[in-house]
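In what follows, a structure is listed as structure tokens, so that the remarks can point back to it.
The values are calculated or read from the model by the stated rules, or taken from the named source; none is laboratory data. The structure presented is a predicted model; accordingly, all values stated were derived computationally and were not measured. Neighbour counts run over all protein chains shown; Cβ positions are idealised from the backbone, glycine included. Quick note on the areas: whole protein, heavy atoms, side chains included, nothing else; ligands and nucleic acids left out. Shrake-Rupley method; radii C 1.70, N 1.55, O 1.52, S 1.80 Å.
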Amino acid sequence: MEEQSKKVIFSGIQPSGNLTIGNYLGALKNWVKLQDEYDCYYCVVDLHAITVKQEPKDLRRRTLEILAIYIAAGIDPEKNTMFIQSHVSAHSEASWLLTCNSYVGELSRMTQYKDKSSKYGNSTSISAGLLNYPVLMAADILLYQTDLVPVGLDQKQHLELARNIAERFNNAYSPTFKIPDPYIPKEGSKIMDLQEPLKKMSKSSDNPNSYILLMDPPEVIKKKISRAVTDSLGIVKYSDEQPGVKNLMTILNTLTGETFEDIEKKYEGQGYAKFKEDVGIAIVNELEPIQNKVKKLLEDKEYLEKIYKAGAEKASYVANKTLRKMQKKIGFIPVAR
Ligand code: AQP
């Protein structure tokens, strides 16, 4: 009874690369805080990952690693539904139904589509999946009658589109979906690229110095932070004029809770060396215990299998209920049972 009255949260991370500290601070760390208050579905969205080319063996490895990272970061398998997206076929099915209720114009206006497709040059080599990505994301969310979607700022536009698609379907047929709200945390909502701090940090970046991976060894983390692009002002100040420094301050603030004012005072007149060293240490302190747990979990594949199997069963039950509603309203003849 109590379970039913809790609001529903859905979120996921795609195994399109190894997770970065952006994914951790913008998504995962906040998910952990939400698990007591909400009925949470946390998914490894492997269907999303194949919108760009993936090496099969890497995709398999990363999918399992991300599940292990969820658990190691503190998401309790007993309290939450954790599953792998491709194990719940309702996601693909609902996505097609919603694709037929979406427009090429609105999809091609999405910033992520524009950014990623510009990487591939001409349209003959851009997968249609990349264009349709936000529709699959809408299906993910709407199938669970989700109230809130915790995402980083970068995903806000996709969530707005999911709301539009849901409203359009509800108006065309009859109320079917709950209209989800974004849940964007104040802290860590956008972690920027360490080399080009006006761009967001991304796990699929070609430059390893642009990101900190969740599984990067401590010495690599410290080295990458020491090489992070700052500026020639030499002042630790939270300012749009100093995007590199601002980004490092955001990371430090999210990890340690120190306010921007405190950080500014602490490093006054000291240049960047000690500041960067401390940012590196703060990251290592946070990530090392998680990394150790991930390594242990990956040695116990049976345990991980138990988690994703139970998660898929529960998720399928809920998702199929919504899918059947959609099919019926569209005018499909129900499957004879
Ligand atoms: N730099 C970031 N700062 C804050 N939050 C971030 N997220 C991603 N990057 C940052 C949040 O992580 C969650 C999962 O994202 P995703 O893997 O589904 O896709 P994404 O947003 O496209 O992440 P990446 O790392 O940039 O992946 P690629 O490079 O494959 O596109 C989301 O909640 C997102 O907001």
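The requirement of being under 28 Å from residue 46 (Cβ atoms), open to solvent by 20 Å² or more (accessible area, probe 1.4 Å) and not small (Gly, Ala, Ser) is not satisfied by residue 223.
Only a single item in (1) under 30 Å from residue 326 (Cβ atoms); (2) part of a loop (DSSP other than H, G, I, E, B); (3) open to solvent by 20 Å² or more (accessible area, probe 1.4 Å) is not met by residue 176, and it is number (3). Checking 273, 310 one by one, the residue that is under 20 Å from residue 245 (Cα atoms) and among the small types (Gly, Ala, Ser) is 273 and no other.
For the structure I just gave you, tell me whether residue 236 is assigned to a helix (DSSP H, G or I) and β-branched (Val, Ile, Thr).
Criteria not met by residue 236.
Which of (1) surrounded by fewer than 20 Cβ atoms within 10 Å (Cβ to Cβ); (2) touching a residue at least 40 places away in the same chain (Cβ under 8 Å) is the odd one out, the single condition residue 283 does not satisfy? (1) is the only condition that residue 283 fails. Within segment 110-124, the residues that satisfy the criterion of being outside any loop (DSSP other than H, G, I, E, B) and either within 15 Å of the ligand (Cβ to nearest atom) or within 15 Å of residue 50 (Cβ to Cβ) (or both) are 111, 112, 113, 114, 115, 116, 117, 118, 119.
One residue stands out in segment 122-134 among those that are without any contact (Cβ under 8 Å) to a residue 60 or more places away in the chain and among the small types (Gly, Ala, Ser): the one that is surrounded by the most Cβ atoms within 10 Å (Cβ to Cβ), namely 128. Taken over segment 14-41, the criterion of being crowded, with 23+ Cβ neighbours inside 10 Å and away from the ligand (no atom under 11 Å from the Cβ) is satisfied by 40, 41. Check segment 44-62 and report whether any residue there is within 16 Å of the ligand (Cβ to nearest atom), within 16 Å of residue 307 (Cα to Cα), in contact with a helix residue (DSSP H, G or I) (Cβ under 7 Å, 6 or more places away or on another chain) and not polar (S, T, N, Q). Checking segment 44-62: at least one residue is within 16 Å of the ligand (Cβ to nearest atom), within 16 Å of residue 307 (Cα to Cα), in contact with a helix residue (DSSP H, G or I) (Cβ under 7 Å, 6 or more places away or on another chain) and not polar (S, T, N, Q). In segment 135-153, the condition of being of a type in the set (Val, Ile, Thr), buried (at least 18 other Cβ atoms within 10 Å of the Cβ), part of a strand (DSSP E or B) and within 14 Å of the ligand (Cβ to nearest atom) is met by at least one residue.
In the set (1) modelled with pLDDT of 95 or more; (2) under 15 Å from residue 42 (Cα atoms), residue 151 fails one condition alone, (1).
Annotation note: Cβ proximity below 6 Å between a residue of segment 189-206 that is in contact (Cβ under 8 Å) with a residue 40 or more places away in the chain and assigned to a loop (DSSP other than H, G, I, E, B) and a residue that is of a type in the set (Val, Ile, Thr) and near the ligand (Cβ under 9 Å from one of its atoms) (sequence gap 6+ or interchain) occurs for 201/20; 201/191; 203/20.
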